[in-house]
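The values are calculated or read from the model by the stated rules, or taken from the named source; none is laboratory data. None of these values were measured; they are calculated from a predicted model. All Cβ positions, even for glycine, are placed from backbone atoms using ideal geometry, and neighbour counts span all protein chains on display.
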Amino acid sequence: MSDESRARTAIERCRKLASFSQDHGSTRRTFLSPPMRECHREIAAWLKPLGAKVRIDAAGNLRGFYPAAEAIAPRLLIGSHLDTVPNAGAFDGVLGVVLGVALLEALDGKRLPFGIEVIGFSEEEGQRFGTPFIGSRALVGRLDDELLSRKDENGVCVRQAIQDFGLDPREIPEAALKGDTLGFVEFHIEQGPILDGLERPLGVVEAIAGQSRLEFIFIGSVNHAGTTPMNQRRDAIAAAAEWITAVEREAQRVEGLVATIGSITAKPGAPNVIAGETRLTLDVRHGVDDSRDRAVETLMRLAETIAARRGLSVRHTTLLTQPSVAMDRPLARQIEQAIRRTGCEPHVMVSGAGHDAMILAEKVPASMIFLRTPRGISHDPAESVRVEDVAKAIAAGSHLLALLASSPAIQRRTHLA
Ligand code: GLV
Ligand code: MN
Ligand code: MN
């Protein structure tokens, strides 16, 4: 089978997975929601005929292990996440899992000096509990009590969600990486316009920008919209609105800073009632961690100043502080070499989006291969990929497996094992 027909199959599979959704007519699949089970079933049905052993670990990650030629050998991890944002596209995350399956299929039964574990992480987007990377944190032993106790909007905590899915949270330590791991490779759409602008199909990620996520609550006073004079109001929506525009101005002022208030809810939420409370999420990113930390401080101070001037109070909770992470250099160089073997020149780049690779990098050599994202559109149903780029990614992945199999490091390791 040609890489092009494998690419067409991969795209069809991504679209099939997109149909497993909590919402009718659009894709939304949050941590261990019912459609995640259908997703697992579908991917397991692709993996099992290839001789892979499939299990769902206690953090809800799908793990398909394709054994090495020898019983004792290191393993290479290939994967990405299976959860989505609301009204999602079909490729963010799932493409990295589907391409893992395609690479096993391309091996056509051949065994390598290392095993390959295809992983579909249960959670990366941070939609249900506000905190991302629940799946990959289990692999590095960081799915702690604090995170397990975090609640979703219905008051269900992560621990309970795991039990409701039929898994046992006491087994989470068994999800952690064990044994000799060669590395983690994540294929992912770029989700930005750089490769498209350069007309290059593939990129190699050398670093992933850090990110902070917080929740802010402005608290004012509920009162009547018709009878309360404008100068006697403590309007939580008006205060939030002033802060939102201040956040945008600050991000425009500081080079390299991006800051997003992606969601806002107000209470009580009626046309003739002045809002007494607004809740907002803040997502702040910068390639330099100190600059991000400074920006978060500034945005907090701005919220306090605006609230105080208007007679309101404001509180915040930090949901995530994730430093920027360098990808593994030797692995990234091997990926570059593999991409060159497909006849393309790889573009070496920094990822502005967060990825499971930044968590896995705490424990194992990790790197990423980006696929061009037409018009840079992502986190939207218009997200797409080109068949020829997916075919190049499969070809590059196959070259990478061959390069790793013949590398002196793997020869040494299997010899020692
Ligand atoms: C993942 O999509 C992120 O928010 O970077
Ligand atoms: Mn995403
Ligand atoms: Mn993603």
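When the stretch 311-369 is filtered for residues that are more than 16 Å from ligand 1 (Cβ to nearest atom) and acidic (Asp, Glu), the ones remaining, listed by number, are ASP328, GLU336, GLU345, GLU362.
For ASP380, the requirement of being modelled with pLDDT of 95 or more, touching a strand residue (DSSP E or B) at 6+ places or on another chain (Cβ under 6 Å) and either acidic (Asp, Glu) or more than 16 Å from ligand 1 (Cβ to nearest atom) (or both) is not met. Among the residues of this structure, LEU143 counts as one that is among the hydrophobic types (A, V, I, L, M, F, W, C), out of contact with any strand residue (DSSP E or B) (no Cβ under 7 Å at 6 or more places or on another chain) and outside any helix (DSSP H, G or I). Look at ALA161 and say whether it is farther than 30 Å from THR30 by Cα and touching a Phe, Trp or Tyr at 6+ places or on another chain (Cβ under 8 Å). Judged against the criteria, ALA161 is not a match. Within the stretch 225-274, the set of residues being in contact (Cβ under 8 Å) with a residue 24 or more places away in the chain, among the small types (Gly, Ala, Ser) and assigned to a helix (DSSP H, G or I) comprises ALA236, ALA238, ALA239, ALA240, ALA246, ALA251.
Which pairs turn up if I take residues in the stretch 367-388 that are within 16 Å of ligand 2 (Cβ to nearest atom) and look for partners that are of a type in the set (Phe, Trp, Tyr) with beta carbon separation below 7 Å, at least 6 apart in sequence or on another chain? That search, which allows pairs on different chains as well, returns LEU371/PHE187; GLU383/PHE91; VAL385/PHE91. Filter the strands (runs of 3 or more DSSP E) completely within the stretch 30-104 down to those with at least 1 residues that are within 16 Å of ligand 2 (Cβ to nearest atom) and crowded, with 24+ Cβ neighbours inside 10 Å. Correct list: 75-81. Scanning the stretch 324-364 for residues that are assigned to a helix (DSSP H, G or I), more than 16 Å from ligand 3 (Cβ to nearest atom) and crowded, with 17+ Cβ neighbours inside 10 Å turns up LEU331, ALA332, GLN334, ILE335, GLU336, ALA338, ILE339. Could you say whether any residue in the stretch 2-14 is at negative phi, modelled with pLDDT of 95 or more, surrounded by 15 or more Cβ atoms within 10 Å (Cβ to Cβ) and in a loop (DSSP other than H, G, I, E, B)? No, the stretch 2-14 contains no residue that is at negative phi, modelled with pLDDT of 95 or more, surrounded by 15 or more Cβ atoms within 10 Å (Cβ to Cβ) and in a loop (DSSP other than H, G, I, E, B).
Kindly check whether there is at least one residue in the stretch 108-125 that is assigned to a loop (DSSP other than H, G, I, E, B), assigned by TED's automatic domain parsing to the domain that holds ILE43, within 12 Å of ligand 1 (Cβ to nearest atom) and in contact with a helix residue (DSSP H, G or I) (Cβ under 9 Å, 6 or more places away or on another chain). There is at least one residue in the stretch 108-125 that is assigned to a loop (DSSP other than H, G, I, E, B), assigned by TED's automatic domain parsing to the domain that holds ILE43, within 12 Å of ligand 1 (Cβ to nearest atom) and in contact with a helix residue (DSSP H, G or I) (Cβ under 9 Å, 6 or more places away or on another chain). Filtered by the rule that a residue be within 16 Å of ligand 2 (Cβ to nearest atom) and of a type in the set (Val, Ile, Thr), the stretch 188-205 gives ILE189, VAL205. Taken over the stretch 262-291, the criterion of being under 23 Å from GLU153 (Cβ atoms), of a type in the set (Val, Ile, Thr) and crowded, with 17+ Cβ neighbours inside 10 Å is satisfied by THR278, THR281, VAL284.
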